[in-house]
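Student: Below you'll find the structure I mean.
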Amino acid sequence: MDTNQYMGMFLEESREHLQTLNSCLLELENDPESLSVLDEIFRSAHTIKGMSATMGFTTIAELTHEMENVLDLLRKNQLKATPDIIDTVFKCVDTLEQLVENVASGNDLVLDIKPLIDKLNLVAKGEVTIQTNSETTPQVSSIVLSDTEASIIKSAKDTGMQAFEIKVSLREGCLLKSARSYMVISALEELGDIIKTVPSTEDLEKEKFAFSFEVLLLTAAEAAKVHQTVLSISEVDKAEVLVCEAPSVNYIETSKVISDTVNIENNSVAKVEKNATAAQASSADKKIKSGQSVRVDIDKLDSLLNLVGELVINKTRLEQIGITHRLADLVETIEQMDRVTTDLQSVVMKVRMVPVGQVFNRFPRMVRDLSRDLNKEVNLIIQGEETELDRTVIDEIGDPLVHLLRNSIDHGIEKPNERQAKGKNPIGEIRLIARHEGNNVIIIVEDDGKGINSDVIKNKALQKGLITQAEADKMDANDAVRLVFLPGFSTAEVVTDVSGRGVGMDAVKNKIESLGGMVDVETKLNEGSKFKIRLPLTLAIIQALLVKVSQEIYAIPLGSIDSTISVTTEDIKTIQNQEVILLRGQIIPIIRLANKLNVPQKGNDSQEELFVVVVHMGEHRAGIIVDNLIGQQEIVIKSLGKLLAGIKVIAGATILGNGQVALILDVGALMQYN
Amino acid sequence: MAEKTYSGNEVQLVVFKLGREEYGVSILQVQEIKRMTDITRVPHTPDYITGVINLRGSVLPVIDLKNRLNLPPQDHTDNTRIIIIKIDEIVLGMLVDAVSEVLAIDQTNIESPDSVVGGIAANFISGVGKLDNRLLILLNLEMIIGVGQDTKAV
């Protein structure tokens, strides 16, 4: 049977079930007696077993089978769900995840599941073993040169260049591997030409590698210099620089061992990969998802959205025709069509958005594992997981968040006894909060740990020559703490020396900025730290209030609106020529939108009654005077494009139901330029 | 001059009117031609930017070509069209009085702008095409939308 066509489905469903397993196991840990949870776990495991056996992935099937045996005993109450057993099952799920991902990426790593199976058998018999070392699969790979590449190296030699084979190993547990590898590669590119990388740069970008990769570099620089360059990038554990003679006997010998294994498996892998990449292409590296879903290429959604837009416009045209020619039947039909298109439009828009919970849902497990490893007690509180973000952003935001969470647990939260000594709750608290704020989505990672000592950070940065003494003197505590985002600040020694973070914060910052966002940190010694990520709402859907000024319609994001009130002209007072109103005892400056936006006024009927939209940005408040309030609506934010980029007070545009464009106000800028 | 080959020396132009003058842009830069539609004014933009329109779900800026070329303004009529063009990944609309036809003109019949116009918006003109007894003003769109070197040319 040709199973390739089912590969996408297999991967998708396996990931879903593995996610279910993870969350159910967490539940089971809290409530070991719960039969319904056990049943759910059992069902998921069983499905995975069945699917993988059908697909011919015997390793997965075998491991799941053994796991099922243990689960069965639990279910029949012959075994108690002790932490040890749950740990073992968790480990199985991890291994299964890895196996599934290996299948997905066409990776030819063979995991040895024997120790795990033994362990399962042991716990099944009620024996407890302590075996914490997770087996590491030896990483061997090498560069196989093609004829052309060999000849390039040869000819380069004549011009005084040399080929180096550089084996780079990232520190184990390094997050944002792709970002790191990218940094290594771009650093090397400054020294010379990169002929080849193993795995390919594409795979590196997709993080389809363990913790090491190889680069073949053609350069005039010395080996020592190359070595130094690579090591200067944080989180690089090891770098071996070998001179590559092409075609050299030596070289071929070292690579031979590997190329053998590669060749053997190449055939079968190539086939799998074809299908796996097809399934993956649309989804890049989305790891885990919950709920039933269909994977759709985002481009298709884009064109769907555009088509619906066109439909709406044509519908309005029909409407016009119906009205001008007084065709009652037509008008009636169009009214129905109107309802359908409106629904259609909102559904299509929503399809692009996914709740941020999809990323968050893998964190409880991670926090649990990590806090346990570090002998700390941490309570993770997640808020606003229903906040929706554009799919593309969701895919990218996971890794930086993992990084921040790990930092919080590792360096922020103290050990229970330390916390007790400080008079804190021995159980640390980490809050992961997502919410809309104006035109942004804010994600906050906040802990109540020991905070970051700005003086230590300053000293460290001085020592490393990242800032000068004069700069250091000028810095206040907040600026100093932000130094952690500097590239080169983060190295392993800092983490041990400094009471604070530092592992790869520059990588986090890079990633967020590549998404057009910002990351900032606030900290208070002994009270905790707060990392705030601000992501722009490109393509996001927000709730907005539509207002009318003269004949023009503008949208004000609901997130920044406090209230709307109506006042009379007498209510407006002036303080030093600044118009203000008094609202519940608070003085609120007034912004006349018509003046601010130079709206052409038709006639000069000054209204007695004025509508004021009270907005806020941070602590500040202002009242925006408009002619009319139209109503609240969900809108999709669209960019105004390159040509009109950088217009203050306008954050973007949106398309209304009738196909007209309405501009979205940037409340922050509006208040600033008041 | 150069030998005559059909494909090599002919350019296809979309010809449109601004007032009484006839203009042309390369058909390769034109994406489509639209009837007049609702244009939303955008505050704090130069005069020649009329506003933005919705083109099948994307928001595009529209420039008033006559304003840009310092021609006297005129009310919109039934013939008013928006020509959607694409230059360097920027898609935008140009408001014109009427679109008349698509025609091919030989390179040899295009004169460089320096020899014809010395005055105002010379920067915006890439040449003048002679066709029987008609004159077609060929526009340099890069300069007009300001992705050329000098944005504030007027």
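Readers should treat all values here as calculations from the given coordinates under stated rules, not as data from a laboratory. On a predicted model such as this, the values are computed, not experimentally measured, just so you know. We place every Cβ from the backbone using ideal geometry, glycine too, and count neighbours over all the protein chains shown.
Student: Within the stretch A:24-54, list the GluC sites (Glu not before Pro) lying in a DSSP loop whose Cβ has at most 11 other Cβ atoms in a 10 Å radius.
Tutor: Numbers: sites: A:27, A:29, A:33, A:40; in loops: A:33.
Passing both the DSSP loop test and the Cβ count: A:33.
Student: Right, another one. Arrange A:422, A:167 by Cβ neighbour counts within 10 Å, fewest through most, would you? Show your work: numbers first, answer last.
Tutor: On the way: A:422 11, A:167 19.
Arranged by neighbour count, lowest to highest, A:422, A:167 become A:422, A:167.
Student: With an 8 Å Cα cut-off and a minimum separation of 6 or more residues, compute the relative contact order for the stretch A:356-536 in percent.
Tutor: After rounding, I find 23 percent.
Student: Calculate how large, on average over all directions, the projected area of the Cα convex hull of the stretch A:302-354 is; give the answer in nm² to one decimal. It would help to have the intermediate numbers written out before the result.
Tutor: Working: hull surface 13.3 nm².
Computed as one quarter of the Cα hull surface, the answer is 3.3 nm².
Student: Compute the relative contact order of the stretch A:541-672 as a whole-number percentage, counting only Cα pairs closer than 8 Å that sit 6 or more residues apart in sequence. It would help to have the intermediate numbers written out before the result.
Tutor: On the way: 253 pairs, mean separation 40.2, N = 132.
This gives 30 percent for the stretch A:541-672.
Student: Also, I was wondering about something else. For a footprinting-style exposure proxy, rank A:324, A:219 by other Cβ within 10 Å, fewest first.
Tutor: Neighbour counts put them in this order, fewest first: A:324, A:219.
Student: Give the long-range amide H neighbours of residue B:126: residues separated by 5 or more places, or on another chain, with amide H under 5 Å away, using H modelled in the peptide plane at 1.01 Å from N.
Tutor: Counting only residues 5 or more places away or on other chains, the set is B:138, B:139, B:140.
Student: Right, something else. So how do A:571-582, A:71-82 stack up, highest first, on mean other-Cβ count within 10 Å? Please report the intermediate quantities before stating the final value.
Tutor: Working: A:571-582: 12.3, A:71-82: 16.2.
Sorting A:571-582, A:71-82 by mean packing, highest first, produces A:71-82, A:571-582.
Student: List B:50, A:342, A:64 from most exposed to least, where exposure is judged by having the fewest other Cβ atoms within 10 Å. Mind showing how you got there, number by number?
Tutor: Details: B:50 21, A:342 13, A:64 28.
So the ranking, lowest neighbour count to highest, is A:342, B:50, A:64.
Student: In addition: Going by amide H atoms built from the backbone, whose H comes under 5 Å of the H on residue A:196, apart from near neighbours?
Tutor: The answer is A:216.
Student: Throw me the Rg/Rh for the stretch A:541-672, computed over C-alpha atoms with Kirkwood Rh, two decimals. List each step's numbers first, then the result.
Tutor: Values: Rg = 14.6 Å, Rh = 15.3 Å.
Ratio of gyration radius to Kirkwood radius for the stretch A:541-672: 0.96.
Student: Oh, and also: Using amide H atoms built in the peptide plane, which far-off residues or other-chain residues are under 5 Å from residue B:131 H to H?
Tutor: Answer set, sorted by chain and number: B:136.
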